[in-house]
Amino acid sequence: MGGHSRPDRQRASRPTLPRSLRCGVHQQMTVAPDTNPASQLSSEMFESPTAYAAALEAFLSTDERATPYLGYRPHSLEDSAAHLTGLQALLFDTGWSRLGWPESAGGLGGDPRFRAAMFQTLWNLDIPIPEPFTTLEILVPVLLVFAPHLSDALLPGLLRGDDKWAQAFSEPDAGSDLASLRTKMEPDGDGFRLSGQKVWSTFGHLSQRSVLLARSGGPGHKGLTMVLVDLDQPGIEVRPIRAEDGENHFSEIFLDNAWVPADRVIGTLGQGWAIAMYMLQWERGAWGWLQQGRFHQRLQQAVELGTPNPEFAQQLGHAYALAAALRLTTKQTVERLAREEQLGPEVSVDKLLLIDAELATWDAIRAYLGPRFEVDDTLQWLRHEYLFSRAAPIYGGSQEIQRTLVAQRVLGMPRD
Ligand SMILES: Cc1cc2nc3c(=O)[nH]c(=O)nc-3n(C[C@H](O)[C@H](O)[C@H](O)COP(=O)(O)OP(=O)(O)OC[C@H]3O[C@@H](n4cnc5c(N)ncnc54)[C@H](O)[C@@H]3O)c2cc1C
């Protein structure tokens, strides 16, 4: 299953999708896309996020600039990152990805449902979502609330893809038990010095900056502070980690007296844990919505690719039901986030459904496609996604921890 030698499979023609995949984008457009230069787009132009999605779908289906992204299959993670940066810039420059973000972030207004509609539209058209969009969903809401002084200068470049950020929380001895992390943060003049080691930072080696959690005070979660660090500076070394699929998904980040100015503190000193908890509602809820579109898309594609075999009907149907449950649950979560509700431990349910749906989807696809899945050179991209799916029970908070959270904090089971 290794190797990356097969030719790229960008589609020559535009995909025609079954209606079942076209989630909520059928309504008539309010505004024709050709009359929508970026400077004129605003959330008020669309009756609803659904109408926005229909207009976006029309734009992506007809504008030649979008053609290279339809059905794009990457050679490698780095190729994909470079190629999809072009898509990110296109969506920003035409205004489509700026809907759903406030002006202070370089956006054009509207609530997070516009972003959710954009993700669904991209999946409906079999356009891969640029990885930075997933990071944006997690980091930008936090900056808007806890570091508005950084928004104007930094967020537009991040939304456009000129700048890429990572998340550096985990350490070799602090993953599930994040509050035990040891990276030190000590005052020095107008800022702080950071020393320690981070691990598993997604896309760290392709990022210019990272949101980082460090220990500025005593033991436990009250001693933690969140900062935004420039990675390209003396005292920081970023080493990619090659994952099972042969791709550099993650990085280790080594910090040796690295500098961070005082105005890069997110929130206040000692507020890091509370902010990380705030972040989780986006990491678990918004991420789940973003992924469910892919699961639906891939199940449908597998059925179209494979040889009909009733033996696997139950497994495919089960996976579809889990993906549908994830869609319904995370849709509600996105709507709650749009109403600016503060989510609680119940958002762990989204993450648990995501785990089950992701594992079941890829197990079903692998079983249905049979030996072809293992050896067909043109399905390398699908095998990469299968291998990544195995990480679902760990990333964003492990399965065991989420189940315990639900039992104790949703159901009220007494703790030990
Ligand atoms: C695909 C992927 C992307 C990631 N991206 C990032 C990133 O961008 N930035 C970042 O900072 N981190 C990232 N991580 C790291 C991730 O947050 C950690 O892997 C996760 O928090 C688990 O920590 P750990 O790996 O140290 O495992 P551990 O915490 O050591 O857990 C190992 C096993 O023990 C179980 N376990 C641990 N404690 C308990 C307990 N109290 N009760 C029951 N079971 C327990 C866990 O459930 C797990 O099965 C990523 C991980 C993955 C897989």
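We did not get these values from a lab; they are worked out from the coordinates using the rules stated. What you see is a predicted model, and the numbers here were worked out from it, not measured in a lab. Counting neighbours? That spans all protein chains shown, and the Cβs are built from the backbone with ideal geometry, glycine included.
Descriptive notes on the structure:
- Working note: 222 nm ellipticity from helices only, DSSP H runs with n ≥ 4, each -39,500 (n - 2.57), summed and divided by the residues of the chain, gives -13500 deg cm²/dmol to the nearest 500.
- Rg followed by Dmax, in Å, when segment 19-160 is reduced to its Cα trace: 14.6, 44
- Under 5 Å from the amide H of A168 lie the amide H atoms of V211, L212, L213, each residue being 5 or more positions distant or on a separate chain, with H modelled from the backbone and absent for Pro and chain starts.
- Nearest-ten-degree value, helix 287-305 long axis tilted from longest Cα axis of the chain: 30
- By average C-beta atoms within 10 angstrom, highest first, the peptides 409-416, 59-66, 130-137: 130-137, 59-66, 409-416
- Contact order, relative form, for segment 224-273: 51 percent (alpha carbon pairs under 8 Å, 6 or more residues apart, mean separation divided by residue count).
- Prolate/oblate/rounded call for segment 165-270, Cα gyration tensor, a/c under 1.5 rounded: oblate
- Distant-in-sequence amide H partners of G267 (H built 1.01 Å from N, under 5 Å): A147
- Peptides 236-242, 321-327, 345-351, 43-49 ordered by packing proxy, namely the average of other Cβ atoms within 10 Å per residue, highest first: 345-351, 321-327, 43-49, 236-242.
- Cβ crowding within 10 Å averaged over residues, with 374-380, 190-196 ranked highest first: 190-196, 374-380
- Angle between the chain longest axis and helix 272-281 axis [Cα atoms, degrees, rounded to 10]: 10
- Across segment 264-416, Cα-Cα pairs more than 21 Å apart make up 52 percent of the total.
- Between the Cα long axis of helix 131-146 and the first principal axis of the chain there is an angle of about 40°, rounded to the nearest 10.
- Over the chain, Cα pairs under 8 Å with separation of 6+ residues give a relative contact order of 14 percent.
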